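A.B. asks: Take a look at the following structure, please.
The values are calculated or read from the model by the stated rules, or taken from the named source; none is laboratory data. Because the structure is predicted, anything quoted here is derived from the model rather than measured. Quick reminder, even Gly has a Cβ in these numbers, built from the backbone with ideal geometry, and neighbours come from all protein chains shown. Surface areas here come from the heavy atoms of the whole protein model, side chains and all, with no ligands, DNA or RNA. Shrake-Rupley method; radii C 1.70, N 1.55, O 1.52, S 1.80 Å.
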Amino acid sequence: MPDVKLSFEPIELTDKILSQGSPTPIEVRIAGRNKKQNEEFARKIVGKLSQFDYLRDVQIAQSIQYPVLNVNIDRIRAAQLGVDVNDIARSLIPATSSSRYTEKNMWVDENIGLGYNVQVQVPESQMSSIDDMGQIPVMQNMSRPVLDDVATIDPGTTYGENDNLGAMPILSVTANLQNKDLGTGAKDVKAGLKSLGDLPRGLTIETIGLSQILTETLDSLQSGLLIAIVVIFLMLAANFQSFKVSFVVLSTVPAVLLGAMMLLVITGSTLNLQSYMGIIMSVGVSIANAVLLITNAEQIRKHSGNALEAAKEATSLRLRPILMTSIAMVAGMIPMATGHGEGGGQVAPLARAVIGGLLASTAAALIILPLVFAWVQEKTSTASVSLDPEDRESKYFVTA
């Protein structure tokens, strides 16, 4: 059957829910009042997406060329034979489908009190060709005239499915992914749609489904990570009463991002929801280690006045707690990072991001962080900047 087209829809419940009704990971929706124009641009999009070799099953989701038989009534001839359009319609309905949905008829069994639908329908075996259809009588209780006497029957096509967004007709172009992550696929699809040029007035084209959910989720995670870093910066500034010290603590964050990205690339993992969560987790642990070291270094600096020596001493004092924290978390993530077991491949990027981020941040906290602290706090005064009159270290301290 050369005209048959196959497509494979997702079978996982999670994919179906996240897709919000889209049958495939990639779906492009074309909306416009002109159906012919929608169909034209849908075919252009199919041609554009077919250029990407990793996109499979690229096709228009709706049936736009469903085979039909067009009955063209000769109204003059019908009037001469005393037949109107209503008679022809009432004859065609039971012959081609059933009268069940056009003429409601119920029969109640008085013995058991149950109701049954009664319908009129010509057996399918007796309606198998255009010639059989042309011999349908069009008047009640009369064998003539038949449909061929008052109409012509021609094969044609029509829309097998009409989808509307409100009152706006829409068409969908769907595609599956083969050996490619959804983010790259969505990016290439958007670039392909943009290359189509300016759209006619009243026509809109957008990507929906799983790719839209992915974009919104990753944007939300990026915003959440940035907001978390800003909030942590402000909290540290309030705690240390210094923006410079807060900056020093956050200097390990780039190391977390770099380490997590490198390990994801090495292991062949993608930047997805799980790996983003792993990056956020490793950022939290790395900042906790940095706070542990910088708090001790700042206390030592205030008493000695030498930032470099304070950083060295604080690193030697906090070396064991930082290593214990990082090693324990890395060791706990190794079984998850291997991806073994049912569903292990889905959560493996989280563990890999945590391991890569912690390894890089631990090295940065023990080597780079003390140098940054010494450079930033080298010329900082040891006098307290507190304005609290009850703080004994403040120059504004007031005795009782």
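A.B. asks: Do we find that GLY156 is part of a helix (DSSP H, G or I), of a type outside the set (A, V, I, L, M) and out of contact with any Ser or Thr (no Cβ under 6 Å at 6 or more places or on another chain) in this structure?
C.D. replies: Details: part of a helix (DSSP H, G or I): no; of a type outside the set (A, V, I, L, M): yes; out of contact with any Ser or Thr (no Cβ under 6 Å at 6 or more places or on another chain): yes.
Here the answer is no, as GLY156 does not meet what is asked.
A.B. asks: If only one of ARG75, ARG100, ARG29, ARG43 is surrounded by 15 or more Cβ atoms within 10 Å (Cβ to Cβ), among the basic types (Lys, Arg) and free of Cβ contacts under 8 Å to residues at least 24 places away in the same chain, which one is it? So that I can check it myself, show each step before the final result.
C.D. replies: Details: ARG75 fails: surrounded by 15 or more Cβ atoms within 10 Å (Cβ to Cβ); ARG29 fails: free of Cβ contacts under 8 Å to residues at least 24 places away in the same chain; ARG43 fails: surrounded by 15 or more Cβ atoms within 10 Å (Cβ to Cβ).
Step by step, each of ARG75, ARG100, ARG29, ARG43 is checked, and only ARG100 is surrounded by 15 or more Cβ atoms within 10 Å (Cβ to Cβ), among the basic types (Lys, Arg) and free of Cβ contacts under 8 Å to residues at least 24 places away in the same chain.
A.B. asks: Please verify whether region 143-150 includes one or more residues that are surrounded by 12 or more Cβ atoms within 10 Å (Cβ to Cβ) and in contact with a Lys or Arg (Cβ under 8 Å, 6 or more places away or on another chain). Before the answer, list the steps.
C.D. replies: Let us first name the residues in region 143-150 that are surrounded by 12 or more Cβ atoms within 10 Å (Cβ to Cβ), namely 145-150.
Right, trim to in contact with a Lys or Arg (Cβ under 8 Å, 6 or more places away or on another chain) and you get 149-150.
So far as region 143-150 goes, yes, one or more of its residues are surrounded by 12 or more Cβ atoms within 10 Å (Cβ to Cβ) and in contact with a Lys or Arg (Cβ under 8 Å, 6 or more places away or on another chain).
A.B. asks: Between ASN239, ASN296, which is open to solvent by less than 30 Å² (accessible area, probe 1.4 Å), more than 27 Å from ALA351 (Cα to Cα), of a type outside the set (D, E, K, R) and over 39 Å from the mean Cα position of the chain (by Cα)? Give the steps one after another, and end with the answer.
C.D. replies: Working: ASN239 fails: open to solvent by less than 30 Å² (accessible area, probe 1.4 Å).
Every option except ASN296 fails the conditions.
A.B. asks: Show the residue pairs that are 6+ apart or on different chains and have beta-carbon atoms under 9 Å apart, the first residue being within region 204-233 and more than 25 Å from ASN176 (Cα to Cα), the second being of a type in the set (S, T, N, Q).
C.D. replies: These pairs meet every condition: ILE232/SER246; PHE233/SER246.
A.B. asks: Within region 144-189, track down each residue that is touching a helix residue (DSSP H, G or I) at 6+ places or on another chain (Cβ under 6 Å) and within 25 Å of ASN34 (Cα to Cα).
C.D. replies: Within region 144-189, PRO169, LEU171, VAL173, ALA175 meet the criteria.
A.B. asks: Take the conditions surrounded by 10 or more Cβ atoms within 10 Å (Cβ to Cβ), closer than 30 Å to ARG56 by Cα and out of contact with any Lys or Arg (no Cβ under 9 Å at 6 or more places or on another chain) and apply them to ALA191. Does it pass? Working first, answer last.
C.D. replies: Details: surrounded by 10 or more Cβ atoms within 10 Å (Cβ to Cβ): yes; closer than 30 Å to ARG56 by Cα: yes; out of contact with any Lys or Arg (no Cβ under 9 Å at 6 or more places or on another chain): yes.
It is true that ALA191 is surrounded by 10 or more Cβ atoms within 10 Å (Cβ to Cβ), closer than 30 Å to ARG56 by Cα and out of contact with any Lys or Arg (no Cβ under 9 Å at 6 or more places or on another chain).
A.B. asks: Given (1) β-branched (Val, Ile, Thr); (2) under 30 Å from LYS194 (Cβ atoms); (3) surrounded by fewer than 13 Cβ atoms within 10 Å (Cβ to Cβ), where does ILE64 come up short, assuming only one miss?
C.D. replies: (3)
A.B. asks: Using beta carbons and a limit of 6 Å, which pairs, at least six apart or on different chains, have the first residue in region 365-376 and touching a residue at least 60 places away in the same chain (Cβ under 8 Å) and closer than 14 Å to SER246 by Cα and the second one open to solvent by 40 Å² or more (accessible area, probe 1.4 Å) and in a helix (DSSP H, G or I)?
C.D. replies: Going by the 6 Å Cβ cut-off, the qualifying pairs are ALA374/LEU308; VAL376/LYS244.
A.B. asks: Follow-up question, since we're still on this one. What is the one condition in (1) touching a residue at least 60 places away in the same chain (Cβ under 8 Å); (2) within 11 Å of ALA175 (Cβ to Cβ) that LEU81 does not satisfy?
C.D. replies: Only one criterion in (1) touching a residue at least 60 places away in the same chain (Cβ under 8 Å); (2) within 11 Å of ALA175 (Cβ to Cβ) is unmet by LEU81, namely (2).
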